[in-house]
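Read the structure below first, then the notes.
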Amino acid sequence: MKPEDVGLSKDLQFFKPESIFRENPRVTYTTIYKCDNFSLCIFFLPSKGVIPLHNHPGMTVFSKLLLGQMHIKSYDWVDPDVSHNLLKQPSQLRLAKLKANKVFTSPCDTSVLYPKTGGNIHEFTAITPCAVLDVIGPPYSKDDGRDCSYYRDHLYTAFPNGEIAELKEENESYGWLEEIEMPENSQMDGIEYLGPPIIETSL
């Protein structure tokens, strides 16, 4: 899918490098389509805009950076028994494996996040103004146990009790995730979708 397919262009003022945004830039989003099975949304991140570390419980997500450049960090959970054995005491921390920690520049491949693999817990930080298309299935639903949770990540070597935990795998990195309240910078503004209309057809 290309930006033009949803009515976007790098020539729009929002995506101009010289665009100036306030110190705490606010993310906006538009919903293209939503049903019981999936939702189709675009997130607009101004330069330095952040979508904090969050999860997608029981969901599969197709994520496509349409325009711009952003840093993406993502994790997947490690077996809870491993976390417990390493901490050796009750804790709100849980061990996760780092799946991505790099900069993406459009055009690039679509990322696919599965319920337990692919970087289901992720964070976006815009380097330039960005547009990200997400297809989320099934969509978030508190009633169905698919509420969004937010996390703060800690260096793997920082726990337990300042000691270096002994879990070593070649070319693998880990972090401790702590569930937190919704961060202030996670608030988003919804805007109307003005791109090409979605036409439903019967099979």
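Nothing in this text is a laboratory measurement; each read-out follows from the coordinates by a stated rule. Computed from a prediction, not measured in an experiment: that's the story for all the values here. Counting neighbours? That spans all protein chains shown, and the Cβs are built from the backbone with ideal geometry, glycine included.
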- Query: Label points 7 Å out from Cα along the Cβ direction at S149 and S186: separation in nm?
  - Reply: 1.1
- Message: Please enumerate, by chain and number, the lysines with C-alpha under 30 Å from the C-alpha of K48, excluding those fewer than 8 residues away in the same chain.
- Response: K2, K10, K16, K34, K64, K73, K97, K99, K102, K116, K142
- Under the 7 Å Cα-to-Cβ spin-label approximation, E179 and D109 lie apart by a distance in nanometres of 3.3
- Item | Per-residue HN-Hα couplings for the stretch 71-81 [Karplus 6.51, -1.76, 1.60; θ = phi - 60°; Hz; x = Gly/Pro] | 9, 10, 10, 9, 9, 10, 5, 8, 3, x, 5
- Note on the structure: FRET efficiency for L194 and Y33 from the Cβ-Cβ distance with R0 = 22 Å, rounded to 0.05, comes out at 0.95
- Item | Per-residue Cβ neighbour rank within 10 angstrom, fewest leading, M1, M70 | M1, M70
- Could you line up Y75, Y140, Y151 from fewest to most neighbouring Cβ atoms inside 10 Å? Y140, Y151, Y75
- Task: First select every other residue whose beta carbon is under 15 angstrom from the beta carbon of H54; then total the charges, Lys and Arg +1, Asp and Glu -1.
- Result: -3
- Task: Taking 7 Å along the Cα-to-C-beta vector as the label spot, tell me the D11-D81 distance in nanometres, rounded to one decimal.
- Result: 6.0
- Ascending count of other beta-carbon atoms within 10 Å, so fewest first, for L12, L194: L194, L12
